[in-house]
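Here the structure comes first, spelled out in structure tokens, and everything after it is commentary.
The values are calculated or read from the model by the stated rules, or taken from the named source; none is laboratory data. Since we're looking at a predicted model, the values are computed, not measured. A quick note on method: Cβ atoms are made from the backbone with ideal geometry, for glycine too, and the neighbour counts reach across all protein chains shown.
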Amino acid sequence: HEPQLSESLSSSLSVDTQNLQKQIDELSTFSDTSAPSVTRILYSEKDVMSRRYIKNIMEASGLSVREDAVGNIFGQWSGYEPELSPVSTGSHTDAIPYSGKYDGVVGVLGAIEAINVLKRSGFKPKRSLEVIMFASEEPTRFGISCLGSRLLAGSEELVQQLKKTVDSENVAFFDAAKSAGYKNAEDLSSVFLKNGSYSGFVELHIEQGPILEEEGISIGVVTAIAAPASIKVEFEGNGGHAGAVLMPQRNDAGLAAAELALAVEKHVLESGSVDTVGTVGILELHPGAINSIPSKSHLEIDTRDIDEERRNSVVDKIYQSALSISKRRGVKLSQFNIVNKDPPALSDELIIKAAESASRELNLTYKKMISRAYHDSLFMARITPMGMIFIPCYKGYSHKPEEYSSITDIANGVKVLALTLAKLSIS
Ligand code: HGY
Ligand code: MN
Ligand code: MN
Ligand code: MN
């Protein structure tokens, strides 16, 4: 017979909100920029401090902790049928420059607290429960998003890419990993998880959008994650003296970049859907002197859509624009590198149902919705049934220091996660 969750479980879940808030605040101090902003870059000294902090908290919660070759960290609570594939949960703690202290963190510290909540309630897991802190989710240092979960999902393409990946200071990926203590980072394929390693994966995350707060709803149950793509582009011209070179003789790499940035906006707005987005978040001019015509420009484009075909046609149009701008302006298109062009992911129906019933049993309002931000869940979906639980965040702010979620909303998310994990654990 299938064991049932005791009726009283949902009412016996209590979150140690004071301790959880303290942990969120302490973790935010491991930052390369001053409060209230957080900057925590993969394999940096602050990242290493944050890793140690998380491992200590996992151990204090009685989890058995291990790390893989690139620094995905796993904390497991063994179930009474440990031979069954575990249920996993988790998120990331790396943070882009000048961002906030909740993105990712809520899904790591909140997941460990969800385990504590279940332990305090007397619940015994059948399938083991495993908390994962992914090596890094943000693309900041090496331009590769969800680096840890892409490897867990078995990306051979990424293994080849990482062998020749360097950061903006020319530090090779492997050297950076080793400097953070991951001595056998070169053994990348050891990171791959076999299919069936988990029976499910659920990530708790702030919404990074305004809907839940605007509609006064406590919980978001994610049904799909939008399809992200990122492109690195470089133009080269002759540069020269800003005073001496007359306009007809110029091939200004900076203006080529500016024109392509506006072309991104044009193609996105003309896609036929409000769900298509495009951003040029990095635009660098060389040599970067007021009186020197840019001889080189470097721009990085992020474009997404919940519809993969529509997103792909925008990428194609951006490429066509880059070619025509380079011809018309006589600048060389020296790089047009599609770094990633990922498909969207659908959440698993059973996990959606588990999260919905958990919300109902906890008397929390909830709404099914898509995630326009990407997450490690996008890649975990390739090797196991996936689901995500959202909590409201202030005005939908994220990736900036004003990012905020109340400890009440965080505690609601932790309880829904705990009850969802419990349901999946005895399934
Ligand atoms: O950009 C994203 O969607 C994620 O929050 N890093
Ligand atoms: Mn983020
Ligand atoms: Mn995140
Ligand atoms: Mn994300």
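Applying the condition of being of a type in the set (Phe, Trp, Tyr) and not in a helix (DSSP H, G or I) to the stretch 387-413 and asking which residue is surrounded by the most Cβ atoms within 10 Å (Cβ to Cβ) yields Phe390.
Set side by side, the residues Phe123, Phe142, Phe134, Phe174 differ, and just one is within 16 Å of ligand 3 (Cβ to nearest atom), in the same structural domain as Trp77 (by TED's automatic domain parsing) and among the aromatic types (Phe, Trp, Tyr), which is Phe134. Once the stretch 62-100 is narrowed to residues that are touching a residue at least 60 places away in the same chain (Cβ under 8 Å) and among the hydroxyl-bearing types (Ser, Thr, Tyr), the residue that is nearest to Tyr198 (Cα to Cα) is Ser85. What are the residues in the stretch 345-381 that are part of a loop (DSSP other than H, G, I, E, B) and within 14 Å of ligand 4 (Cβ to nearest atom), if any? Those that are part of a loop (DSSP other than H, G, I, E, B) and within 14 Å of ligand 4 (Cβ to nearest atom): Arg372, Ala373, Tyr374, His375, Asp376, Ala381. Filter the stretch 2-42 for residues that are loosely packed, with under 15 Cβ neighbours inside 10 Å and either touching a Leu at 6+ places or on another chain (Cβ under 9 Å) or at positive phi (or both) and give the result. Matches in the stretch 2-42: Ser11 only. Between Thr93, Thr89, the distinction of being within 16 Å of ligand 4 (Cβ to nearest atom), closer than 17 Å to Thr384 by Cβ and under 21 Å from the mean Cα position of the chain (by Cα) belongs to Thr89 only. Criterion applied to Val171, Val202, Val166 was being of a type in the set (A, V, I, L, M) and in contact with a Leu (Cβ under 7 Å, 6 or more places away or on another chain), and the one residue passing it is Val202.
Quick check on the stretch 59-96: of everything there that is away from ligand 2 (no atom under 16 Å from the Cβ) and among the hydroxyl-bearing types (Ser, Thr, Tyr), which residue is farthest from Ile206 (Cα to Cα)? Filtering first and then ranking leaves Tyr80. Counting only helices (runs of 4 or more DSSP H) that fall entirely inside the stretch 139-246 and contain at least 1 residues that are within 16 Å of ligand 2 (Cβ to nearest atom) and surrounded by fewer than 23 Cβ atoms within 10 Å (Cβ to Cβ), no element qualifies. Taking (1) touching a strand residue (DSSP E or B) at 6+ places or on another chain (Cβ under 9 Å); (2) surrounded by fewer than 21 Cβ atoms within 10 Å (Cβ to Cβ) in turn, Ala114 satisfies each apart from (2). A single entry from Thr384, Thr303 fulfils the requirement of being under 23 Å from the mean Cα position of the chain (by Cα), part of a loop (DSSP other than H, G, I, E, B) and more than 16 Å from ligand 3 (Cβ to nearest atom): Thr384. Tell me, yes or no, whether the stretch 196-219 has at least one residue that is modelled with pLDDT under 95, of a type outside the set (Phe, Trp, Tyr), under 30 Å from Ile370 (Cβ atoms) and more than 16 Å from ligand 3 (Cβ to nearest atom). Yes, because at least one residue in the stretch 196-219 is modelled with pLDDT under 95, of a type outside the set (Phe, Trp, Tyr), under 30 Å from Ile370 (Cβ atoms) and more than 16 Å from ligand 3 (Cβ to nearest atom). From the list Asp275, Asp252, the one residue that fits, being more than 16 Å from ligand 1 (Cβ to nearest atom), outside the structural domain of Gly396 (by TED's automatic domain parsing) and surrounded by 15 or more Cβ atoms within 10 Å (Cβ to Cβ), is Asp252. Checking Leu333, Leu299, Leu362, Leu346 one by one, the residue that is surrounded by fewer than 17 Cβ atoms within 10 Å (Cβ to Cβ) and away from ligand 1 (no atom under 15 Å from the Cβ) is Leu346 and no other.
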